[in-house]
Structure formats: structure tokens, C-alpha cells
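Just below is one structure, and these are the notes that go with it.
The values are calculated or read from the model by the stated rules, or taken from the named source; none is laboratory data. Model, not experiment: these values are computed from the prediction. All Cβ positions, even for glycine, are placed from backbone atoms using ideal geometry, and neighbour counts span all protein chains on display.
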6 protein chains.
Amino acid sequence: MRTNLIREKWARDEAVLNGWLAVPNGFSAEVMAHQGYDALTVDLQHGVNDEANLIPMLQAISTTDTVPVVRVPWLAPGIIMKALDMGAYGVICPMVNTRDDAEKFVEYTSYAPMGRRSFGPVRALIYGGADYPTHANDTIVRFAMIETAEALDNLDAILSVEGLDAIYIGPSDLSLSLGCTPTFDDVDPPAAEAIDYILERATAHGLKAGIHNGTTTAAKARIEKGFRFVTVSSDARIMAAGSQAIVADMQGSLKPSESGGY
Amino acid sequence: MRTNLIREKWARDEAVLNGWLAVPNGFSAEVMAHQGYDALTVDLQHGVNDEANLIPMLQAISTTDTVPVVRVPWLAPGIIMKALDMGAYGVICPMVNTRDDAEKFVEYTSYAPMGRRSFGPVRALIYGGADYPTHANDTIVRFAMIETAEALDNLDAILSVEGLDAIYIGPSDLSLSLGCTPTFDDVDPPAAEAIDYILERATAHGLKAGIHNGTTTAAKARIEKGFRFVTVSSDARIMAAGSQAIVADMQGSLKPSESGGY
Amino acid sequence: MRTNLIREKWARDEAVLNGWLAVPNGFSAEVMAHQGYDALTVDLQHGVNDEANLIPMLQAISTTDTVPVVRVPWLAPGIIMKALDMGAYGVICPMVNTRDDAEKFVEYTSYAPMGRRSFGPVRALIYGGADYPTHANDTIVRFAMIETAEALDNLDAILSVEGLDAIYIGPSDLSLSLGCTPTFDDVDPPAAEAIDYILERATAHGLKAGIHNGTTTAAKARIEKGFRFVTVSSDARIMAAGSQAIVADMQGSLKPSESGGY
Amino acid sequence: MRTNLIREKWARDEAVLNGWLAVPNGFSAEVMAHQGYDALTVDLQHGVNDEANLIPMLQAISTTDTVPVVRVPWLAPGIIMKALDMGAYGVICPMVNTRDDAEKFVEYTSYAPMGRRSFGPVRALIYGGADYPTHANDTIVRFAMIETAEALDNLDAILSVEGLDAIYIGPSDLSLSLGCTPTFDDVDPPAAEAIDYILERATAHGLKAGIHNGTTTAAKARIEKGFRFVTVSSDARIMAAGSQAIVADMQGSLKPSESGGY
Amino acid sequence: MRTNLIREKWARDEAVLNGWLAVPNGFSAEVMAHQGYDALTVDLQHGVNDEANLIPMLQAISTTDTVPVVRVPWLAPGIIMKALDMGAYGVICPMVNTRDDAEKFVEYTSYAPMGRRSFGPVRALIYGGADYPTHANDTIVRFAMIETAEALDNLDAILSVEGLDAIYIGPSDLSLSLGCTPTFDDVDPPAAEAIDYILERATAHGLKAGIHNGTTTAAKARIEKGFRFVTVSSDARIMAAGSQAIVADMQGSLKPSESGGY
Amino acid sequence: MRTNLIREKWARDEAVLNGWLAVPNGFSAEVMAHQGYDALTVDLQHGVNDEANLIPMLQAISTTDTVPVVRVPWLAPGIIMKALDMGAYGVICPMVNTRDDAEKFVEYTSYAPMGRRSFGPVRALIYGGADYPTHANDTIVRFAMIETAEALDNLDAILSVEGLDAIYIGPSDLSLSLGCTPTFDDVDPPAAEAIDYILERATAHGLKAGIHNGTTTAAKARIEKGFRFVTVSSDARIMAAGSQAIVADMQGSLKPSESGGY
């Protein structure tokens, strides 16, 4: 079976640089996949991606060695199993708030006897290889999102669920849940403390920790703290930011001066 | 009929800042349309856009005041008329090399008696208003691309065709055609001279001149020279460049140092 | 944040005229959006719409001031949150049968501390404006469908859930559930009584009441009774009815008469 | 091979009632196909249909006995042959202005020795049957659009081209070309005379005449004059007109009266 | 209402030959629908099909008498009801493991008073006919998948749920759940025994039994045993197997021999 | 630049095995791309593929080393250049009947000074590499289809056009044009002689010859004769043939025998 670069990097204690795909399109996914990210996550939860365009996006990523990850919309077996059948090598699951949530997540992502994933790796066989069924459980990566006060309360119970590989923090949701302003990098103190706490506990349980960042500055600081999976920005945000820079830079040059000349 | 901001800006001798859409998707088009460009061009010639996604992209642009422009794949009546019927307020036509080409281009884009555009402005009526048929000829903008040695030879004959509103220069194609290296901004001297010459002749004929740029630096310099429609980069290039910057910036921070720490 | 015309009309005690979109297409949505409806609902529950075409349909509606509403397929957090992230300003949720259902519905549609909506208003920021996160809870409209005998039994418990803005009646489902013939307007007496009862209780609880109608006659009568959100027919039904009228009208004119002439 | 209902009706001197599809969607096409039209034309020329959605639309029509017709965007061999390969039983070709145009049209739509249609009836074999290649030339119907002053000048030359089955008049384009106001039914006198003249010459040459109508009134009058293929309105126009009627009818009932009550 | 060929065949004690659609496309579905299968199942659970392409696939099947069946991704009311509204005449539901699961499945697929299916048979009315609402409960076929050890434990409780029409066995999942190697035909003895047991109990309860097969050999043997709904292979598997045969057969002929000649 | 396996094989005098894609879908394309064909051709001429699905199909092929080839609908610059910009490494052009046709074909597929291909290799840069512009002219393969009596008359004039790399024979069209029955393998004698003649002349001019086959038997015989690019069947034909075999094999086993038992 094709190996999972995320696991390989982690084995060497390296951090994984993850890109984020909000534009529901195979061509933009292919452009992103050729820029050197270690992994790319198709976000099915927020925004505008859907199952129908997941396949061309995963195919586009498959033209490179970048690892395909999917954030599913919710802890629901149908879409989680389908993302895996389509060839995702990592699954990020939102709102894992209780031990029961975490157990279900592992169950849905693992073949028996480890779990109850239904058998039918239609595209995963093509992407992963003929021995996918034998190695899938140990190859794919399961990220549980820790992003609520409730999850904080249940943290050790969640982290001790066997089969869970990593946690992923959405700083915005975590902030909101703690009564703070939703943002990615400069979060309010209670959210900052919670992030540190989650990182510490995850590491203590032998799990890797991932987090969403708005800037490389935040991502670098978080790697130094111990995060080993960092997302920076997204395709749509990069496009918007780059355009804003162009528009701002051009603004003063689009009209004749008071004197009439350019 | 909804007015054309490009014509309004030109009437005030202002330059139009144009964005370029290479990603065949309505959501990325909507993101781009909200960043402040005066106009956005959907490129049907090079790359991956096609008729099927033209409509959602034009609809996305229509959620703003940004002017929708289409670069058609070729001087062919079917797609030129269809782009207008779909609500394009500007058409950029590649490879206008002869006076005959220019006449056909005006003919295809104009209702009788000015031309032979077939009648059926299905979406243009929705976008432009009920009086679209009466004002379309005077509202839409026709850009002829001057990008070959042959076009240079026929330049005055092309520019004197009644109804042509503007020219648009593709520096890469023009360079190639003149035996120079294809690039956007720092073109070889023969191409640079040709660009100046086209600008000078277009202005002399009362036409506006537009040009494709890789950077704002080039765009500003060209506005100063007299160009009044400047494209800077594209959605896909911005996304790639922004990602490359992120990946490069993160590169040194993804592995533990020789000493083992981060 | 862009205001919600539905709330504005309700503040003036006006009734909202809602159109219904069953055709999964952005162009038909755009045509519908330009006919003067106050709101348009994309129906993801019955028929043929799906997430993949929701975005172009919402974009098409966004070219006008018509309020975009989505009827979700079921009380499920994934799709409810996604419809909001995509920019829906109203959500109609089927089969709200218990107080617990209603609480979950409010929870899924509201940011903390009011609820548990996950944060990521990708397109809602574009449609609503940069301050969307602050005002979303108070701007969007939550419609709980009351359409079963079970819901009737729990009516006051449902209606007293804080955060619920309105109810919406599907006369067909309500009829079916009460053992009556499923229809929109001329419902059987038990269904008619139930409709009156729901309207009366909703009004008593300070909620607005909405209902599906087949004809303007029914819609007008229901507004007089107190309904403040009325749907009349749908894109597909209008298309079918108009075609049937044409076909019927032409029928006698398509064949030569017995005498051989037309 | 499946017979062509258009030819069967014509053999009995009956008129064919044609519906018009402007919405690029398979579901709206299926709804239209079940309303009793004899034929349905997918319009690839004006508006928003494209090759990508032609297949689902033709499949939707194929669930009924309604005859699938395609109006191609232009007299171009690629799309004309493809529409036939996809199973169209009729082709309407715009802007047939000269005898040469008409000859090319027949050539592109007919297998050797009658013409030069390339062989590859991929879906036509499924729709028409295994003997499609043998009977296609005699089964499909070729409509040349007569809609310009130039075509009027060349009318007899066009109509005498062997293999042409019918003409189709676009009253709007014909009006425009003759300096009249573009409309469907109540055309200006010069256009009206031209229509009568085309009908008379087509009939004299043994060809059937078709025409686009806005209303059943016009369609009936034109059948009486001798037209044998009449289009009435379109899916999008019916939807818009029906919605306008609803909105207008509701208008007075959406606000409380001056006195405050409804 | 259009009758259900599956029920008709079963009434004559005939076995139904079912084809399997893994390619998310309307054209491949149409090709498959014309090859003589009694039924075709669109698989929404494993692989790459999704709601967005379900409609064109069902339309493609509707051009023939082949019965359209949908395997839904999971026991979830939204997609089960939608598949029926779209015109599916059979629903295969994965992972029916308890009596409660089976009761919910019947509930979701049946109108009141038999169940709680919501009313809105948008496309089902077109496919089935105007009296669809009256006969749907008795016409559609409900297949519960028995594929886990848990389901075996609850077998009689599941099979005795009123309204359930049939069971369907996925030999791979059943094997996995029993600790055997996942495969279609030559399953390990514990799985083979379980299959026999399920067949025996289903028959005893008056339900029909269906099963997935890799080859016709297995399918025939299973019909002899008593199965009355057999799937053989799938569109994608047939395509892959046929290609492998071509590639293997050509392999020795693509290079010149040692001696240099072919 | 990524090398072209077709040219490498030809340099070793090996024959290229080409698969044919008629199903307009990225997943079926990916399945086909993993079966071992040397090249896969997306057919845009006949049947149901279109520009909109070309990108996902080419991306799917790009997940392997199989060479992507496109048969364009016609000798038209727009689509030929676009197919190359999208990353096609081979182009098959139908109906090259004259020397002028062949010259235009080379012109459209080659950058200056060799031709007039417009510059904008949007996806080709991603697939081929950054030096694509420098090597494209020498890397891509140009196939002119020789398939009419007219082309036979002009054969040497066509074959002597500099830059043409290969010819491709469509036995069906060639047969039709010569008054023979259209078929792939067992063509009538005049067509067989024409095929031999084309092969002989192409070889004499130093061009490679390719041909469409229905079976491996025909393909092998033609390789022995000297063809070096052979297509066998297509995705849709393989799927239909495999299904027919299954249906036929099952036919006798689906009903109880006369005696009542199976």
C-alpha cells in the first residue's frame, strides 16, 4: 500500500505543512497540489465543497505525492466512510466532544475487528494499492477536532480512545465556545491557555496535535511549542489577500492626477 | 440598461483594473469579484474554463458592480454571440490579424444594422435590463487582441475598423510571434517596441489600449505610458504565488534542528 | 451586516411572498429571482436539489435583493450549518416534532453562547458582510416545520423554545399524518383545523407562521387569517402548468379538420 | 430504427407543437417532456445551454416519445455532427444565408454518399436502434433558419438544395435584419411580408415551414397559414410569466391596509 | 402507477438480475440500462456516486424498463426519502443490525399510516404516475442489508418487522465482521454458513433474499439455493476486467521480437 | 519537460496500445488509466464528451504514466489549442483531407516559428513542467486522420507536410467514404486496400500509422503489417460487451424450470 507521508514525517518528528481547499474545483486543487504542501485538506464542513466535487479534487491531488485529507462535515458514518473509500489518507472530524464521539469516530474509520467501517474501498484501491484493505487501519490518520468547552472537560477521556491518531484544533470554534472572539492566531488568553492545555494532554497521550493558522508566523510558533500538523491559510484566503494587495497597490495609479496627467 | 463601468472610467480618462479568472468555478469568481477589481475577465481561450461554467462565473460577478468580460477562444461567431447573450459587457478576441478579422469581430458583436449579431439576449436582458437590445451596441466593449507580426503589418487597417473600441495586447504571444521569449513584463526589445507602437497607433485612432501584466509595477508603468485597461496576474497565479511564499517561509521550520530540538 | 428583508417586513406586519425552487439550476434560480418574490427557498428536502447546485443557486439569488432561504433535508447539523455558511438567511427544517428537535434546531443555527453552530461562514461573510459573525444569530430566520400529529401534541413545548423565529406548515405532510388526503390548499377538515390551531398557537407565542400554497387564492386567504410567510407553487409546477395550458390550447389546431382544411 | 414523429405528423399534414428549452438542466427538461409537446428543442445558440448539459437533457426527453431537436449555435460541423451522435432527431441551424450554407448543412447532417457526416453515432445507436446508420439520413429532420435579408435574396437557391427538409423562421432576427423591431408575434409589416414570402416559397419547394411564436394565438394563426412546426414560448419564459402573474396577484395582499387590518 | 418489475418477477418466483453502477455518470448508466439487466442499482454508499449525479443516472435508467434501485449511504431519513422522491423503485439500506434499525428503515420508506415518509414525490410522480402516492408503499421494494455479526444475532427480530420486503447480503462486509477475508464469491466457511442461515431465515419469514456476486457462476449457484435478487459485478469492474484482458492479450505483440521483426 | 512515452516507444520501434474514452467522467477515466494502456484518448468528436469534463479526465490520466491524447471534434484552432493547453500530449484531428488541412493542423499545434499556436499552457506547465514552452513542439504528437476518398487523393501532399508526426485511420469513416459498410475490423476490400495504401505511404514518408480496432485480433494483425499505434475497443464498448456476456450467461438461470424447480 502507498505509504502515508504524514506518518512518515511524524516518525521522524517532523511537522507536516497542510494546505486548505475551500474552492470546490479540481483545477485549483491541482494548482495547490503542485506548490509543495505536504498535505492538502478538502474542507467539506464549512463553505462550499461537497461530495460531488470531492472526487476530482482528490484525483487532482493524486497527480502528486501530497497527502489527501478530508475534513468531513460532521461525525456521521456515511460521509466518513465515503471519504475513505474515495482515497482520503486522513480524516479530520469536527466537534468530537465526548469519549463516545471519539469511539464512534475510530469505529467508522476502521475495518473490523478494530471498528465497523463498511467494506468497499472503490477508489482507495486505485490510489492506495491492492493491499489497501490489509493496511488501511494502520495507514490512514484520524484527527479528532477539539474545539468546545465540552471537549475540554472530556479531554483525557477522548484522548485515551485507542485508535485515535491525532487531534486538530480550530482556534475560532474553540474561542467561540469559551466566550472569546473567534480568530485563528491571536486568540484571547482563555483560548490560548486551552490550546496549550490540549497540546500538552495530546502529547502526553502519545497523539499528534494539529492546528489551523492564519499566518506562517503563528504556524512556526506553534510548531516550536509542539504541534506537528499546521495548516496555513486556504486557497480562497490566499486568492483574496493577493488580490487585495494588487488592488491596493494599483489604487493610486488608476486616475489622472489633479493636474490632469498620470 | 445597466451602464458599463469600463466606458464610464474611460470617459473620465481613468484606467481600468482588470482581474483574470483561470479557475473554472463560480465560488472563486465570487471571491475575486469582491476584492475591488473594476472588471474581471473569464478566459475561455487558454486553460480550463469552458461554456458550462461560464454562467455561474458570470452570475457570481453579477453579485457585484464589477464588469464581466469574456476572452473568447477564437474569432468564431457562435461563442462570441453566446458570451454576449450570457451578459458579458466586454469581449476580448484573440488573434485579430487582419482588417477582415476586425470587421468580422465587430459584425459578430453588433446588432443590425451595425453588424449581424443574432437576436436572443437571454441572460443579458436580466443583467442589463429590458432595454438591452436598444443600447447593447453602444454599451459593450470590443477588444481586438493584437499579438502577431501579421497584425502589426495590418495595424492601421485593423484600427480603422468602425465599431472597434479597444485593443488588448498579450505580451507573450506578441513576443513569440516576433521571435522573442514569451513573458508578460520584461519583454525583449523588439516586443517592447511593438507594444509602444501598438499603443501609439491605437491612441491615434481613438481606441483604448489594454495589456496583460504579471506585476503591479509593470501595470503602473504601462498606465503611465497610456494604457487604460490593465490586467494583473490571475486567480490561479495569485494562489500559486501565495502558496509558494507560505511553503518557502515554512520550509526551515518543519524539521527538528541537527541538535534534535525545534 | 446586510439586513434580512423577511425580518424587516415582519417588523411592519407585512406578509412575505416566497417562491420555491425545485429545479436544481442557477439560471432558472436567477430567472425566478428577478420576478419580484420577497424570498426564494431552495428545497433540499424533496426532489432533486443537492448541495452541489446550492451554491450557484444562492449566487443567482444574490444578484438581487430577494432573500435566500434553504429547506434542509432533515434536522442534521452538517447540512444546516453548511446552508448558513453558504449564505442562507433563512432555514426551514422539516419534521420538528418535539421540544428536543426544536432545541437542536436552534442550537445548530446559532453561534455560542446561544447555540453550537460551528464557525466558518465562508460565503456568508461575502454575502452578509464582515460583521456577519456578530449579527448572524439575530439576522437569520429559523422556521420549524410543524407537520405531524406528534408535533401537534408537542406544539406549545416546541413553540416556547427560545430562539425559534417561525413555524412553517407543509399542508400535505400534515394531512397525511392526520389520515387526510395530501394536498396544499383544499385540505380535509381535520387538517384545516390543525392549521388554524398551529397558527393560533404560534401567534400566541410571538412566532410568525408560514405555509405552502398551491394557488394565490389560498395564499391570500391564509394571509388574512394571520400567516406572514406564504409560498405559492414552485418553478417546476409553474413550468408544467404553463406548458399544459399551451398544449391544451393548441390541441385542436394541430390537425386538419375532417374536411381536410385547417 | 425508432421513427421520427415529426415526419409521421407531416406525412398526415399535421402540425408539430414544439417546446423550447432554455434552462440548462435535465430535470426541467424531463418536466417539460411530460407535458405533451410533440417535440422539444434544446437551444444551444442563445442563452445558457451548452454541450455539457445536452446529454442529460436529451436523456430526459428520451424517457418520453417527444422528439428531441437541437438548435446548434452555428453552421459548424463539430457541433452539428455531435448533436446527431448524441441522438438528436432534428437539427435547427441558424443563419443559413446562401446556397453554399444550405449545402454544407445537408453535408454535415448526412452520411455518404449524401453528405460527409463522420461516423460514430455513439448515443444515437442507443436511442434510435442498431439500424440507425442505415436510416439516419432519411429519419432526422434538417431545419435551415431563414432570418436575414441576405437569405431572402437567396431564398430559392437555398430551398432547392436537395436534402433540406424544412426551414425555421426566427421572427426577431428576421425583423432586425429588415430594420424592424425584434419581436416574435406582432412583427412589423416588412417582416410579416417576408414571413409570408418564405412560407410560400418553402411550400412551393416541398419543404415544411416552422416558426417561433410568443403565444398560442400567433401559433394557431400561423398553422392556418401553412406552418407545420410551431414553437410557443420557452421553459424560462413560461416560468417568468407564471411568476409575474403570481407576484402581481399577491401584491395587494401583502401589506396591512391603511386602517391597519388585512 | 408504473408497476415494479422486481415484484412481478418475484410473484412468478423468478430471480431478478441486477447490475451495479459505480461510475457517477448518466451516459454510462444509459449504456448499462440497455444491456438487459432487470434492475440497476446506483451505489451511493461506497465509491464515488453522489446525490448530484443520481438524477441523471435515474433519468438514464428511465429511458428503459429496467428498475431503478438506490443503495443509500446509511440508515438516514434525508437521503432515503430523497432517493424515493427521485423515483427509486427499490432502496438497499446498509448495516441494518437491529430490529430498531429495520423499523426505522420501513418508517422512512413508507407514507403514513405505515410510516413517516415525508410527502413530496417530485420526480417519482413523473416516473411512477399521478397515483404514485396511493400505491408507493406497496410498490417500492425495501432491502435491509444483513452484513454484521450483530445483525445475525438479531436476525429473526429484524426479519419479522412488518413492511420489510427483502434482505441483501454484502458478502465482503459479512466476512469482515465474522473475521473472514472480505470477498464476494468464495467466502470462508463461517461466512458461507452465515449466508445460508440468512437465506433460510429470510425465506422462512416470507422475505426475498438478494446478494452481491463477483461472477455469474456464483450468482447461478445462489439462485439455485434460493436467492431471488442477484447482482453480478459492476460497471467499473467490467470495464477494468475487459481492459485487463485486452492489455494482457496485446502484451506480447507490442514489441519487435529479439530477431528484430514483429 | 516530461517525456512522451509514445515517442519513446516509437524510437524503439515498439507499438503503442491506446485505450479509448467515450464515457465523460473522471472516475471511469481513472479506472481505465490504471489498467496498463500506454495511452488513452479522450474522444471529443463522437459521442458525449465535452470540454467541461476534459479537465477531470486528463487529471485522472495524470495520476499515472499513461499518455493523454485528445481527439478533437474538428480542425478548429480554438479546441485544438485548448486541448494542448490542458496538457494533451497527443492530438488526433479528424477529416484531414487536403494539404491545406494538414498545414493548418501543424500550425495550430506548434508555437512560432513552427506554427501559430497561441501562448498560454495553463495546465500543460503543471503536467509537462516549467520548460514546456521550449520543448512542446517536439514532444507532442500530431495525428492527422485519413478517412475520406478526398484524403486518399491528396495523400502524398498531406503526408509531406513538415511537422506532421503520424496518421490515424478511422476504418468506419474510410469505409463509408469509399461506399463500403462502416466497420472497424473486417472492412470491405476497397477499404482494406486503402488502409494498406495509407500505411505504406505514411511509412514511406517517415510517419507513424495508427488505427482503430474492434478486437485484439485485428490490432495484432495490423501491428504486424506496420501500424505502431493501435486502439482497441472503448470504455463504453467494453462495459456493454461485458454486460451482455453476463446477461446472456444468466438468462437460463433466472426462471424456474418447467417442472417448477430451479
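Structural remarks
- Of all residues in the stretch D:202-218, those satisfying the criterion of being in contact (Cβ under 8 Å) with a residue 24 or more places away in the chain and either among the aromatic types (Phe, Trp, Tyr) or buried (at least 17 other Cβ atoms within 10 Å of the Cβ) (or both) are D:202, D:207, D:208, D:209, D:210, D:211, D:212, D:213, D:214, D:218.
- Residues that are among the aromatic types (Phe, Trp, Tyr) and within 22 Å of residue F:63 (Cα to Cα), drawn from the stretch A:123-166: A:127, A:132
- Matching residues in the stretch A:215-262 - criterion: being facing another protein chain (nearest Cβ under 7 Å), basic (Lys, Arg) and assigned to a loop (DSSP other than H, G, I, E, B): A:255
- Scope the stretch D:103-150; condition within 20 Å of the chain's Cα centre (by Cα) and closer than 22 Å to residue F:94 by Cα; matching residues: D:103, D:104, D:105, D:106, D:107, D:108, D:109, D:110, D:124, D:136, D:137
- Residue satisfying all of: in the stretch F:179-222; of a type in the set (Val, Ile, Thr) and touching an Asp or Glu at 6+ places or on another chain (Cβ under 7 Å); nearest to residue F:149 (Cα to Cα) among these: F:181
- Qualifying residue in the stretch B:193-201 (condition: crowded, with 22+ Cβ neighbours inside 10 Å, closer than 21 Å to residue B:22 by Cα and either touching a Lys or Arg at 6+ places or on another chain (Cβ under 8 Å) or not aromatic (Phe, Trp, Tyr) (or both)): no
- Within the stretch B:224-238, the residues that satisfy the criterion of being touching a residue at least 24 places away in the same chain (Cβ under 8 Å), within 29 Å of residue B:24 (Cα to Cα) and not basic (Lys, Arg) are B:227, B:229, B:230, B:231, B:232, B:233, B:234, B:235, B:236.
- Just one of the numbered conditions (1) under 24 Å from residue C:252 (Cα atoms); (2) under 20 Å from the mean Cα position of the chain (by Cα); (3) surrounded by fewer than 20 Cβ atoms within 10 Å (Cβ to Cβ) is not true of residue D:241: (2).
- Scanning the stretch C:32-78 for residues being in contact with a Pro (Cβ under 6 Å, 6 or more places away or on another chain) and either closer than 24 Å to residue B:25 by Cβ or modelled with pLDDT under 95 (or both) gives a total of 8.
- Those helices (runs of 4 or more DSSP H) of the stretch B:1-109 in which 3 or more residues are surrounded by fewer than 24 Cβ atoms within 10 Å (Cβ to Cβ) and away from every other protein chain (no Cβ under 11 Å) occupy B:5-11, B:99-108.
- Here E:256, E:190 are screened, and the one residue that is in contact with a Leu (Cβ under 8 Å, 6 or more places away or on another chain), surrounded by fewer than 16 Cβ atoms within 10 Å (Cβ to Cβ), without any contact (Cβ under 8 Å) to a residue 24 or more places away in the chain and on the phi < 0 side of the Ramachandran plot is E:190.
- Residue match in the stretch A:155-173 (condition: in contact with a Lys or Arg (Cβ under 9 Å, 6 or more places away or on another chain) and polar (S, T, N, Q)): yes
- Residues that are closer than 28 Å to residue C:6 by Cα and either touching a Cys at 6+ places or on another chain (Cβ under 8 Å) or modelled with pLDDT of 95 or more (or both) within the stretch C:175-189 comprise C:175, C:187, listed in sequence order.
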